[in-house]
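Visitor: Pasting a structure here, questions to come.
Read-outs throughout are calculated quantities, based only on the coordinates presented, and are distinct from any laboratory measurement. Here the structure is a predicted model, which means the values were calculated and not measured. For neighbour counting, all protein chains shown are included, and Cβ atoms are generated from backbone atoms with ideal geometry for every residue, glycine included.
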Amino acid sequence: MAEINTLAAFNAFSAGALWLLGSLIFIGFDKVNIQANRWLGAFYGILACNFTQLFLEEFRIGGSLLIHLMELPRWAMLPCLYMAVHHYVSPSLNKKEWFLHFVPFLLFLLFSFVYLMPQLFNQQYDLPILPPWIGFIIRYFFFVQMIYYWIACFSLLRRHQRNLKMLASFTDNIDLKWLSYLLLSVLFMILIRIVSMSNVNVTYYSPILYFLGIIILAYATLTQKSIYALETYQPAEKEEMIPKKISNERLTTEQVEELQSVLTRKTVGEKLYLDPSLTLSVLSGKIGISTHELSYILNNGLGKNFYQFINELRTEEAKSLLLSEDTKHLDMFGVAIRAGFNSKTTFYTTFKKATGLTPKEYIKANSDASR
């Protein structure tokens, strides 16, 4: 029994770590993702309540009321995580949407105050008998909710990864790893919870496993960075503006072809792609159209996203530079910078994908061909 209590003590360590972590990020230790951190802090606070409840139950500390109070916010835990991830990847979230995610929690709160709390105070009322399926939902809803919201959070992250290439021509400085680690550690704890329901050995060691998962959570949270592209919109000069306003509701084939010609002429002719910080909004401002119109032209006119369009032009520039006598003195990073890339990694990855060769292999292949 003493050994079980020793392992169960890790629930107290987990609760303490989560209370501290939740407080740190909720009060705003990071000034980049303030709103998202508040939701994440709420998630950690509710998770801390769960581990506090486990500790109190194991060591028989406190009464039934205290344990029940620790359990009350459980149905709000995963919606808080979802709201945090949504704010990280999409800071402009509509505030009216969040309420729907907390309706089950509010219903459980109402059920608790009407049916459960009176029993804890030894008060009896003539309440209607609930059908058995409501008890089944209350017992197992939380497990379904955990799986659903984790998938929803993962989908948000994947969609954000795809959308980044619609907006930016560089993604190296946009850190998605820490949020991936956070979701993986949450998944790790969800799996422990599910498996421990049927496996005694996992149940026995679960306090330690949970604590390991929380360490990863803490590391991911405290090393977070901005994960969305911060763009600066630069309006075009008046003489560069296209005189006729084009509706972005629906572009005709002729309008797409006209704007596609303007896009290619200005981007290639003025070598706008050589700007390492070029983004969708910056390019749209230089051309004189909206970002929606530019995205439509790229996707439907050229069949590419912004990332592909710009970096393919940079690759063509790099191919010329690699074979030019004027740039023989440059190393590969120097060539990458001259071609518009802001990182060696993006340069190598894009170049290899476009040509099937590394830059050095490309130089060698063309040197052999010219002999």
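Visitor: Between Ile337 and Glu58, what is 0.36 nm times their sequence separation minus the Cα-Cα distance? Round to one decimal in nm.
Guide: Numbers: separation 279, 0.36 × 279 = 100.44 nm, distance 6.04 nm.
Contour length minus the Cα-Cα distance gives 94.4 nm.
Visitor: How would you rank 328-334, 37-43, 72-78, highest first, on the average number of other Cβ atoms within 10 Å across their residues? Don't skip to the end; give the middle numbers.
Guide: Working: 328-334: 11.7, 37-43: 23.0, 72-78: 20.4.
The densest-packed peptide leads the list: 37-43, 72-78, 328-334.
Visitor: At 1.567 mPa s and 4 °C, plugging the Kirkwood radius over alpha-carbon pairs of the stretch 238-369 into Stokes-Einstein gives what diffusion coefficient in µm²/s?
Guide: This corresponds to a translational diffusion coefficient of 81 µm²/s.
Visitor: Fewest Cβ neighbours within 10 Å first, please rank Thr355, Thr315 accordingly.
Guide: Working: Thr355 15, Thr315 21.
Listed from fewest to most nearby Cβ atoms, that is Thr355, Thr315.
Visitor: Can you order the peptides 59-67, 189-197 by their average number of other Cβ atoms within 10 Å per residue, highest first?
Guide: Numbers: 59-67: 12.4, 189-197: 15.8.
The packing order, highest mean first, is 189-197, 59-67.
Visitor: Suppose R0 equals 41 Å; then what is the FRET efficiency for Val202 and Val103 from their Cβ-Cβ distance, rounded to the nearest 0.05? Please list the in-between numbers first.
Guide: Details: r = 32 Å, r/R0 = 0.79.
Between Val202 and Val103 the formula returns 0.80.
Visitor: Hey, another quick one. Give the order of Phe10, Phe102 when sorted by the count of other beta carbons within 10 angstrom, beginning with the fewest. Walk me through the numbers before you get to the answer.
Guide: Values: Phe10 21, Phe102 15.
By the 10 Å Cβ count, ascending, the order reads Phe102, Phe10.
Visitor: Report the label-to-label distance for Met117 and Ser261 in nanometres (one decimal), using points 7 Å from each Cα along the Cα→Cβ vector.
Guide: Between Met117 and Ser261, the simple spin-label model gives 7.1 nm.
Visitor: Take Trp133, Trp98 and order them by how many other Cβ atoms sit within 10 Å, fewest up front. Numbers along the way, then the final one.
Guide: Details: Trp133 8, Trp98 16.
Listing Trp133, Trp98 from fewest to most nearby Cβ atoms yields Trp133, Trp98.
Visitor: For the stretch 238-369, what is the number of Lys pairs with C-alpha distance below 13 angstrom, counting only pairs 8 or more positions apart or on separate chains?
Guide: For the stretch 238-369, the number of qualifying lysine pairs is 10.
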